[in-house]
1. Within a 10 angstrom radius of the beta carbon, how do 46, 254 rank from fewest other beta carbons to most?
2. Among the DSSP beta bridges whose two residues both lie in the chain, what percent are antiparallel, rounded to the nearest 5?
3. So what is the relative contact order for the chain, in percent, with contacts set as C-alpha pairs under 8 Å and at least six apart?
4. Indicate the gyration tensor shape class of the chain (rounded, prolate or oblate), computed on the Cα atoms with a ≥ b ≥ c the square roots of the eigenvalues: a/c under 1.5 is rounded; otherwise a/b larger than b/c is prolate and the rest oblate.
5. Only counting other Cβ atoms within 10 Å, I'd like 197, 149 sorted with the fewest neighbours first.
6. How far apart, in nm, are two points set 7 Å out from the Cα along the Cα-to-Cβ line at residue 232 and at residue 167?
7. Pairing the Cα long axis of helix 158-170 with the longest principal axis of the chain, what angle in degrees results, from 0 to 90 and rounded to the nearest 10?
Ligand code: SF4
C-alpha cells in the first residue's frame, strides 16, 4: 500500500553539503521510484516514517509558494533538484510541484542542476530553456531494462532516459549522465557511455555504497534475483580488497580518450 500525504512545510530551499551544489530543493519526501540501492532511505528516520522506503511520499504542497521573489541571493548559486527524492517521480505528473518551483526560480536565475531517472523532465523543457545556466543529468545504472525493472521499478525505462537526453540536448540544454551507483558485475558502464556519449557533455561515476540500511535492501534483492553474486558482494564490501581502485582505473583508461568524466568513489 502506498501512503501519500499532502503536507505544508516551512522551508524548501536548503543549504547543501553536496559537492558542487550550494542549495537543494526536495519537493517531496520519499520516492516512488523505489530503487533497491536508494541512499535516501535514511530520510525515514528524520521524518518519522515507519513504512518501507518507496511506499510513502509526503507531498510538500506549498513548496512553490516558499520560493522567495525579488532576491539576488540565489543568482549564480547552484541549486540542485533533488538530493533525497526524484523531482520527476510519478506523482509529479499530478502535482506539478517541480514545474511550479521552476517557474518561481526563473526570475532568480540560479545555476540550475536537475538530476532524474524520469523522462517527465521533457515536459519542462520550455522552462529549463529560460535559465541562463542549466544542466540536466539523467541517471543510468544499466542498459538492461529487465535489470532496471528489478532495481528501479517505477523509474523510466532506460530507452526513454536516453531519448530524454537526446531531446534535451537538441533543445540546447546541457546534459550529463550520472552512472551510479555502479553495481558490481551488473552495471556495464562501458555500454552506457557508448550508447549516450553523443548526448552528454560529461559523465559522472559513483560506486555502490552500502551504509545504513542500504545493505539490507541490496542483500535481500541479491538473494532473490542474483544469489550467485551474494558471496562476491560480501567479499567486496566486507574483506580488504582493491575492487573499486581497479574499477576506477578501468573507467579512467576507457573514458580518457573518449569523454569528459568525473569519478566519485567512496570506499
Ligand atoms: S530515484 Fe533517487 S531518491 Fe528516488 S528511490 Fe531512486 S535513488 Fe532514491
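Throughout, read-outs are computed from the coordinates displayed, never taken from laboratory work. Note that this is a predicted model, so its numbers are computed, not measured. FYI the Cβ positions are ideal-geometry reconstructions off the backbone, even for glycines, and counts take in every protein chain you see.
1. Numbers: 46 9, 254 15.
Starting with the residue having the fewest Cβ neighbours, the order is 46, 254.
2. On the way: 5 of 35 bridges.
Around 15 percent antiparallel, to the nearest 5.
3. Working: 470 pairs, mean separation 43.8, N = 267.
RCO, the chain: 16 percent.
4. Numbers: a/c = 1.79, a/b = 1.29, b/c = 1.39.
Verdict is oblate for the chain.
5. On the way: 197 15, 149 12.
Least crowded to most crowded, the residues run 149, 197.
6. Result for the modelled spin labels: 3.6 nm.
7. 50 degrees
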